[in-house]
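Let me begin by presenting the structure, written as structure tokens, before commenting on it.
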Amino acid sequence: MQPQVGKPVVKDDNIARGVVTGFIDLMGEQTAGSLAITFSEPVALDLVERMLGERPTKIDATVRDLVGEMTNMVSGGAKKILSEQGYEFYLSQPVTFVGQGHQVLHSVYGPKILLPFHVESGDFVVEVCFRE
């Protein structure tokens, strides 16, 4: 997949912008935050097909596991970049949430930045929130 990145925006609600979300906490001494990746159903199913060679017909345990693993991979990359800038973080285990209109409740209070992406099968978003 070659995602096209959209314009980042400040998110002013807690409603997920898709049907399946991977969520992880990033906790450190200097600051703390959380990261969520929310996929539309077509993108989540396409992702599973591309990575595992089989296409599920709905959001199931395999999709949830893969979204959790993608969240781990993205947050691990973010942790590495932030570490190079002097910020050390511990990552929690990722959790997943499923359902249209589910809420993404960040672990800290601060601005929620939403970064939208588009791929040929649809849309997904990455959102981050760091303690003020």
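The trypsin sites (Lys or Arg not before Pro) of the stretch 1-108 meeting both criteria, a DSSP state outside H, G, I, E and B (loop) and at most 14 other C-beta atoms within 10 angstrom of the site's C-beta, are K58. Axis of helix 61-84 versus longest Cα principal axis of the chain: the two differ by about 30°, to the nearest ten degrees. Values (1) 52, 39, 22; (2) 70, 45, 25; (3) 43, 28, 26 are given for comparison; Cα extents along the principal axes in Å, derived from the coordinates here, is the one labelled (3).
Rolling a 1.4 angstrom probe over the protein heavy atoms with all chains in place gives the stretch 1-57 an accessible area of 51 Å² per residue. So what's the net charge close to M51: Lys and Arg +1, Asp and Glu -1, counting the other residues with Cβ under 12 Å from its Cβ? Residues near M51 contribute -3 overall. A simple count of charges around E120, restricted to other residues whose Cβ falls under 13 Å of its Cβ and scoring Lys, Arg +1 and Asp, Glu -1, yields -2. Just to confirm a number: summing +1 for Lys and Arg and -1 for Asp and Glu over residues other than Q4 whose beta-carbon lies under 14 angstrom from that of Q4, what do you get? So the environment of Q4 carries a net charge of -1. Per atom type, the stretch 1-124 shows carbon and sulfur on 54% of its accessible surface, probed at 1.4 Å. Under the combined filter of DSSP loop state and at most 16 neighbouring Cβ atoms within 10 Å, the stretch 43-114 retains these GluC sites (Glu not before Pro): E54, E88. In a reduced charge model with +1 at each Lys and Arg Cβ and -1 at each Asp and Glu Cβ, the chain shows a dipole moment near 120 debye about its Cα centre.
Note that the stretch 91-132 presents 58 Å² accessible area per residue, ligands and nucleic acids not counted, probe 1.4 Å.
On a 0 to 90 degree scale, rounded to 10, what angle separates helix 41-52 from the longest Cα axis of the chain? The angle comes out at about 90 degrees.
Cross-link reach is defined here as a Cα-Cα straight distance under 18 Å, omitting same-chain residues fewer than 8 places apart; for K11 the lysines meeting it are K112. Think of each Lys and Arg Cβ as +1 and each Asp and Glu Cβ as -1; about the Cα centre, that makes the dipole of the stretch 46-106 roughly 80 debye.
The values are calculated or read from the model by the stated rules, or taken from the named source; none is laboratory data. Keep in mind the model is a prediction, meaning the values are calculated, not measured. Please note: Cβ atoms are built from the backbone with ideal geometry, for glycine as well, and neighbour counts cover all protein chains shown. SASA here: full protein model, heavy atoms, side chains in, ligands and nucleic acids out. Shrake-Rupley method; radii C 1.70, N 1.55, O 1.52, S 1.80 Å.
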